[in-house]
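Everything below concerns the one structure shown next.
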Amino acid sequence: MKRYLFLILLLIAGLSACTKIDTNTLEQNQSVIDDQKIQAYIKANNLTFTKDDKTGVYYNIVNPGTDPKPTALSTVKLTYSYKYLNGLSISTVTGAQAKLNTFITGMQVGILKIGTGGRVSLIIPSNQAYGYGASNGIPGNSVLVYTIDLDGIGTN
């Protein structure tokens, strides 16, 4: 009987220790942390970027390209490279072709700002990239730096 009482008390103690995690607060805190990291990176490297107020993505249009610009439903052909803020390269991709809305949100923000032949540099906060969970070997809450060339726009 004492054993059952002990197990019940242990179960109650374990359940009372559980707290609900407020994901909105966590995301807001991470957004602030990401923005601080991005601003420090820009300052340390003497760069010029514009912040997209809606998404928090920082962009620099290196070459605007030619009109027309893609839409969210356009098929785009891209060459891009991306890295961490510390400069460690993750990957370079050549000839990626897909609907624009299938790329991470941060990439979409920048690609929509250029036309064919254009180039945009992006600093993407984690919530506009892969978020808090690890993905494809990229740790959660990673701020990423992209350089994207828009090689072509297909039909919708």
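The values are calculated or read from the model by the stated rules, or taken from the named source; none is laboratory data. Keep in mind that this is a model prediction, so the values were computed, not measured. All Cβ positions, even for glycine, are placed from backbone atoms using ideal geometry, and neighbour counts span all protein chains on display.
Of the numbered criteria (1) of a type in the set (Gly, Ala, Ser); (2) outside any strand (DSSP E or B); (3) modelled with pLDDT of 95 or more, the one Gly133 fails is (3). The combined condition, being free of Cβ contacts under 8 Å to residues at least 40 places away in the same chain and under 30 Å from Ile33 (Cα atoms), is fulfilled by Tyr130. Considering only residues that are under 16 Å from the mean Cα position of the chain (by Cα) and assigned to a loop (DSSP other than H, G, I, E, B), look in segment 50-66 and name the one that is surrounded by the most Cβ atoms within 10 Å (Cβ to Cβ). Among residues in segment 50-66 that are under 16 Å from the mean Cα position of the chain (by Cα) and assigned to a loop (DSSP other than H, G, I, E, B), the one surrounded by the most Cβ atoms within 10 Å (Cβ to Cβ) is Val57. When each of Val62, Val57 is tested for being touching a Leu at 6+ places or on another chain (Cβ under 9 Å) and at pLDDT 95 or above, the lone residue that passes is Val57.
Scanning segment 67-83 for residues that are closer than 12 Å to Gln108 by Cβ and not in a loop (DSSP other than H, G, I, E, B) yields Val76, Leu78.
Exactly one residue among Pro68, Pro125 is closer than 25 Å to Ile42 by Cα and not hydrophobic (A, V, I, L, M, F, W, C), and that residue is Pro125.
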